[in-house]
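To start, the structure under review is shown below, and the notes come after it.
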Amino acid sequence: MHTNEISMLINEQIESISTNHNIVKINNLNVYADSHQILKNINLTIPKNKITVLLGPSGCGKTTLLKSMNKLTDLYKELKVTGNIFIEDDDILHTTKNVPSIRQKMGLLGQRPFPLPMSIYKNISYGIKLKGIRDKKLIAFSVEKYLKEVGLWEEVKNRLNQPATSLSIGQQQRLCLARGLAVKPRIILADEPTSALDPISSKIIENLFRSLKEHYTIILVTHVLRQAVRLADHVVFMYNGEVIEQGSPNTLFNTPKTQKLKEYLVDGN
Amino acid sequence: MKRSKKTEEAVFKILSGFATYSLIVILAFIIIVVFVKGFNALTWEMVVKTPKGGYYYGGEGGVLNAIMGSLYIAFGATIIAIIIGMPSALYLNVYLLRHKKTQNTIRYILDALWGIPSIVYGAFGFTLMLYLGLNASLLAGILTVALLITPIIVRTFDEVLSTIPKGLHEATLALGSTRTEMAFKVMLKQGFSGFITAVLLAFGRGIGDAASVLFTAGYTDLIPVNIDEPAATLPLAIFFQLGSPIPEVRERAYAAGAILTIIILTVSLTARLFSRQYSKSNIN
Ligand SMILES: Nc1ncnc2c1ncn2[C@@H]1O[C@H](COP(=O)(O)OP(=O)(O)O)[C@@H](O)[C@H]1O
Ligand SMILES: [Mg+2]
């Protein structure tokens, strides 16, 4: 009993110490498809509790980089991933830890929402139950908490048992965000999360990200330059499978070093 | 240019509309013929009584033996086919998600199985039955029909599962689901209406097929009370009575056909309603 609690406390202590600095560290990451190389020798560190924006023209490998981080590249037989990706000091490409527990460290928000085929309530409780929580009251409490966290509670509290697909696309996207947060991740992976949304819904998501970074590390993929300017604490510019430049938004946007980034800043909307 | 497009559009609309409506007319025509020809024989007695002595010469009785036999066989076979077919379709779309070649080979084999005529299943079931030392019985009929309809369940459900967008797989796995959880908690629900369609198709094929039960289920005037007893079936009841020289008996064949049609329509409607209700509260 006692020893268990103590070891739990110690573990938490260790976890918080080890995650103080860079929560994600990528070394020499290469991703190969059957016929070509999608990502070329990626080296990155991602700062904790900041918004890191992955910027670059479409097809440059942003989505693939994001999918490598939570091992969704496993779904594609043709993809080979080599190198190291450290998530909180676990090398997820070589660890023996089970994949679901690694993925639960990250919440994924896709280009468009994919609600689970169940009610609004169950969309949130699904992940909570996966964490092994069975207590009904605790689940109900958490569902409310996370729906509030994404500002959806007032809109849906009287229709929690309706199917999630009855919500608007913007609401669905916030539901998907809440669903991801309910699994208590450290990191949010967002792949062009506003590209299917209207301007108002996009604004809501952007504002949510600003407040969420207090507790989460956010990695945001976008090809919208203005969104990057609005949100980024740290910018990674990718081109044709490579990281070309990275640094503070101020440096990258005001004094780009490479020709590629200069061109992108001029042409890319 | 513009005008020819318009003509093309009009011609296509008429042709395709004609094709669609002629199908509906044909269906209505079949149902009407069966009901009109069987109308005189379609009595309550027909539904609630088994054949009495002299029934096949126009004597008293009904086809309750065949109704019950068909229901037993079709439900039994459908349950077995669901138990085997539902996980198979999920397996194809979850565990073989990355293995396109294996997936396609299995689909090809299932399509071939679907296409094999039911008389071949009947002959195979017959051989298997003799090999196992079984008699023509409810059990042999159920097993043979299960073989016949399992590929239908797998492939029909599989077709629907395969249209589920990759994004939903990714979202589900990203939450930390295992593949099994993804299969049974998400894919099954997302594809539920397709699953119902699959079960209905299979049930309809199973209850309507004569050749697969001809040698395997046998025929009897009694309602089977045990799984090793022979069982009559509606398709065979139709077949035997239609061959009779006596007009009243031939009318009974159509009446039996009408009963079979009613059973299929009832089961189909109930399942659709159930499925719609389910989807309303879950998907949309
Ligand atoms: N599973 C795959 N197999 C082969 N090529 C792929 C696969 N996934 C992505 N690609 C290719 O990798 C490149 C980068 O894709 P992606 O990561 O989606 O780019 P982005 O998100 O920046 O638009 C593209 O050229 C794309 O065609
Ligand atoms: Mg992309």
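The values are calculated or read from the model by the stated rules, or taken from the named source; none is laboratory data. Not measured: the values here are computed from a predicted model. Neighbour counts are summed over all protein chains in view; Cβ atoms, including those assigned to glycine, are modelled from backbone coordinates with ideal geometry. Surface accessibility is based on the protein's heavy atoms, side chains included, excluding ligands, DNA and RNA. Shrake-Rupley method; radii C 1.70, N 1.55, O 1.52, S 1.80 Å.
Applying both filters, DSSP loop and at most 14 other Cβ atoms within 10 Å, to the trypsin sites (Lys or Arg not before Pro) of the stretch B:1-67 gives B:Lys52.
The residues of chain B have, on average, 52 Å² of accessible surface per residue, using a 1.4 Å probe with all protein chains present.
Quick check on chain B: take the gyration tensor over C-alpha atoms, sort the square-rooted eigenvalues as a ≥ b ≥ c, and tell me if it's rounded (a/c under 1.5), prolate or oblate. It comes out oblate by the Cα gyration axes. In degrees, nearest 10, range 0 to 90: what is the angle between the Cα axis of helix A:2-18 and the longest Cα principal axis of chain A? The two axes meet at around 30 degrees. Can you list the lysines whose alpha carbon sits under 20 Å from that of B:Lys2, skipping same-chain ones fewer than 8 residues off? In chain and number order, the partners are B:Lys13. Our helix-only sum for chain B, with -39,500 (n - 2.57) per DSSP H run of n ≥ 4 divided by its residues, gives a mean residue ellipticity at 222 nm of -24000 deg cm²/dmol. Are any of the pairs A:Lys77/B:Lys280; A:Lys203/A:Lys262; A:Lys71/A:Lys145; A:Lys77/A:Lys97; A:Lys67/A:Lys257; A:Lys71/A:Lys129 more than 25 Å apart by Cα-Cα distance, and if so, which? Pairs exceeding the cut-off: A:Lys77/B:Lys280; A:Lys203/A:Lys262; A:Lys71/A:Lys145; A:Lys67/A:Lys257. For the residues B:Phe35, B:Phe18, a 1.4 Å probe over the protein chains yields an accessible-area ranking, largest first, of B:Phe18, B:Phe35. Taken across both chains, chains B and A shield about 2400 Å² of accessible surface from a 1.4 Å probe. Among the listed pairs A:Lys131/B:Lys101; A:Lys48/B:Lys100; A:Lys50/A:Lys260, those whose Cα-Cα separation exceeds 29 Å are A:Lys131/B:Lys101; A:Lys48/B:Lys100.
Taking all protein chains together, B:Ser268, B:Ser4 sort by accessible area into B:Ser4, B:Ser268, largest first [probe 1.4 Å]. A:Asp74 contributes about 60 Å² of solvent-accessible surface, heavy atoms of the protein only, 1.4 Å probe. From largest to smallest, the equivalent ellipsoid semi-axes obtained for the stretch B:73-158 from the alpha-carbon gyration tensor read 27, 14, 10 Å.
Compared with the dominant principal axis of the Cα atoms in chain A, helix A:120-130 is inclined by about 90°.
Return the FRET efficiency for the residue pair A:Leu138, A:Thr96: r is the Cβ-Cβ distance, R0 is 30 Å, and the value is rounded to the nearest 0.05.
It comes out at approximately 0.50.
Across q = 0.06, 0.08, 0.09 Å⁻¹, the protein assembly as shown modelled as identical point scatterers on its alpha-carbon atoms has Debye log10 I(q)/I(0) values of -0.46, -0.72, -0.83, in the order of the q list. In terms of the Cα gyration tensor, with a ≥ b ≥ c the square roots of its eigenvalues, is the stretch B:29-83 rounded because a/c is under 1.5, prolate because a/b exceeds b/c, or oblate? Since a/c reaches 1.5 but b/c is at least a/b, the shape of the stretch B:29-83 is classed as oblate. Our helix-only sum for chain A, with -39,500 (n - 2.57) per DSSP H run of n ≥ 4 divided by its residues, gives a mean residue ellipticity at 222 nm of -11500 deg cm²/dmol.
Based on a Kirkwood Rh over C-alpha pairs, give the Stokes-Einstein translational diffusion coefficient of the stretch A:120-198 at 4 °C and viscosity 1.567 mPa s in µm²/s. It diffuses with D of about 101 µm²/s by this estimate. The stretch A:191-240 and the stretch A:147-179 have Cα centres lying 20 Å from one another. Enter the Cα centre distance for the pair the stretch B:190-227 and the stretch B:96-133, rounded to the nearest angstrom. Comparing the Cα centres of the stretch B:190-227 and the stretch B:96-133, I get a distance of 17 Å.
In the stretch A:115-140, burial by the other protein chains removes 30 Å² or more of 1.4 Å probe accessible surface, compared with the chain on its own, from A:Leu116, A:Pro117, A:Met118, A:Tyr126, A:Leu130. At q = 0.10, 0.14, 0.15, 0.16 Å⁻¹ the log10 of I(q)/I(0) for chain A amounts to -0.54, -1.04, -1.17, -1.30, computed by Debye summation with a single uniform scatterer per C-alpha, solvent ignored. Principal-axis analysis of the Cα atoms of chain B puts helix B:100-115 at an angle of about 20° to the longest axis.
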